[in-house]
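See below for the structure under consideration.
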Amino acid sequence: MRKVGVVVLRRKSDQLTAVDAEQRGDPSQRIVNRVIDCFDRQVDEARRQLRQHAFEVADRFRSGRYPGNIRLAHRDNRKRLSSVSGNYVHDPVRLLLTLCLRSLIGIVTAWLPATNAQPSDAPPLQILVGVPPGGTSDLIARVIAERLKDDLARPVIVENKPGATGRIAVNVLRNAKPDGSTLLLAPITVPVIVPLVFNDVNYDASKDLVPVSQVATYEFALVVAADHPSRNVREFVAWAKSNHSQVTFGTIAIGSLSHIVGTMVAKATGIELVHVPYKGVAPLETDLMRGQISAGVAIVSDVVALHRAGRIRILATSGTRRSSVLADVPTFIEQGYPSLEAIGWHGMYVPAGTPQGVVDRLSAAIVATLQQPSVRQTFLAQGLNVTGTTPEALTAIMRIDSDHWRRVIQSSGFTLE
């Protein structure tokens, strides 16, 4: 028996057999087993071709087509190989290729990450979320974590770090070790909107947040209570203009993209809306159903279930076409407000200083997770459009959206007051 890297190989019935590393959940062993399977197929083909060639040589030798001083050193070769046990004595090609394979496995496994070599000893992978449990961000993180743990062969946990429009979670990420064990799932608000609207931002999104992958996009919804007299945007505008009391709209956080969308609605419709920020989607929905606020602006996936249950009413969505889960609800554009278009997204990030190889491996694992049918179905059922991009693509998206929303914020007159 001989150890090669993290793999133990042994002869058994003339087969190269991997010992129980794969049963222990070692991802590197799965790679090695594929190499061994490929090796066995190549050896069988080489043996077939070698035997065919040997017959041809023997025929030529017997027919006198080779010079007389050429002899088949079969007996001498057998003596030189007699020190090798097993059937390899009869198959020098397999012996040679076996030695080459063992060297190759040693090289491959030496380059595999240590976390893959001993997954049981690997620390949990932590996904930070800057909002309380519940809501779109928490849903996305937990769905990905549940599937990602199998792909990475290590525990994956979700840590909620709510507050300050995601800045608390960002600070936790910045102080984490850049070893790929801590990720941040953040909406567009964190890397794009917050730096544009807050003056006291203590992070630089382009330097402190290393993009891994965009995971999903979504639309926003204008929502009212189920017993509200309005059934579309124009009726809501008429109601607001005739209402002598203050007209309010709630969102999950001050300075969020939902907050900006509410300001855009006010400008496009010519009504005055007062913003009411909440700490998460649950208290927002509670006050909305009770009639404590006039309306709300939220991600479609946060409110679609209550809309279907008849407890709230969605008046419009912010996409260029109707949401896949709200075929009966027209967009703002359809209702005559072409400027009211807004698409949000969530992305995964790691701390600055994380090696590029680690970033690429995490990105590939997340993309593979998002491509699983069960994950796609879960997201689509909530009105989330699955993406899954490279780190470079997310970097470009951040740059393009920063330019876009800077112009929108300036033209809308958005302020935090």
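The values are calculated or read from the model by the stated rules, or taken from the named source; none is laboratory data. Please read these numbers as outputs of a predicted model, since none were measured by experiment. Quick reminder, even Gly has a Cβ in these numbers, built from the backbone with ideal geometry, and neighbours come from all protein chains shown.
Computed values, structure above
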{"quantity": "Helices (runs of 4 or more DSSP H) wholly inside region 189-252 containing at least 2 residues that are touching a residue at least 12 places away in the same chain (Cβ under 8 Å) and out of contact with any helix residue (DSSP H, G or I) (no Cβ under 6 Å at 6 or more places or on another chain)", "calculated": "205-208, 233-242"}
{"quantity": "Residues of region 274-291 classified as closer than 16 Å to Phe236 by Cα and surrounded by fewer than 24 Cβ atoms within 10 Å (Cβ to Cβ), total", "calculated": "2"}
{"quantity": "Single residue of Ser294, Ser324 found to be modelled with pLDDT under 95, in contact with a helix residue (DSSP H, G or I) (Cβ under 9 Å, 6 or more places away or on another chain) and over 19 Å from Ile188 (Cβ atoms)", "calculated": "Ser324"}
{"quantity": "Filtered residues of region 384-412 (kept if in contact with a Lys or Arg (Cβ under 7 Å, 6 or more places away or on another chain) and at pLDDT below 95)", "calculated": "Ser412"}
{"quantity": "Test: residue in region 340-353 that is of a type in the set (A, V, I, L, M, F, W, C), in the same structural domain as Gly166 (by TED's automatic domain parsing) and without any contact (Cβ under 8 Å) to a residue 12 or more places away in the chain", "calculated": "no"}
{"quantity": "Pairs, first among the hydroxyl-bearing types (Ser, Thr, Tyr) in region 276-301, second assigned to a helix (DSSP H, G or I), C-beta under 6 Å, six or more apart", "calculated": "Tyr278/Leu284; Ser301/Thr136"}
{"quantity": "Residue among Pro162, Pro155, Pro124 that alone is touching a Lys or Arg at 6+ places or on another chain (Cβ under 9 Å) and either buried (at least 18 other Cβ atoms within 10 Å of the Cβ) or of a type in the set (Phe, Trp, Tyr) (or both)", "calculated": "Pro162"}
{"quantity": "Residue that is farthest from Ser258 (Cα to Cα), among those in region 279-297 that are part of a strand (DSSP E or B) and of a type in the set (A, V, I, L, M, F, W, C)", "calculated": "Ala295"}
{"quantity": "Selection from region 263-275 of residues that are touching a residue at least 40 places away in the same chain (Cβ under 8 Å) and in contact with a Phe, Trp or Tyr (Cβ under 6 Å, 6 or more places away or on another chain)", "calculated": "Thr263, Ala268"}
{"quantity": "Residue among Leu183, Leu196 that alone is over 30 Å from His307 (Cα atoms), assigned by TED's automatic domain parsing to the domain that holds Ile140, surrounded by 24 or more Cβ atoms within 10 Å (Cβ to Cβ) and not β-branched (Val, Ile, Thr)", "calculated": "Leu183"}
{"quantity": "Within region 324-361, considering residues that are among the acidic types (Asp, Glu) and not in a helix (DSSP H, G or I), the one surrounded by the fewest Cβ atoms within 10 Å (Cβ to Cβ)", "calculated": "Asp328"}
{"quantity": "Which numbered condition Ala368 misses (of (1) surrounded by 16 or more Cβ atoms within 10 Å (Cβ to Cβ); (2) touching an Asp or Glu at 6+ places or on another chain (Cβ under 8 Å))", "calculated": "(1)"}
{"quantity": "Test: residue in region 209-225 that is buried (at least 20 other Cβ atoms within 10 Å of the Cβ), farther than 29 Å from Ser324 by Cβ and of a type in the set (A, V, I, L, M)", "calculated": "yes"}
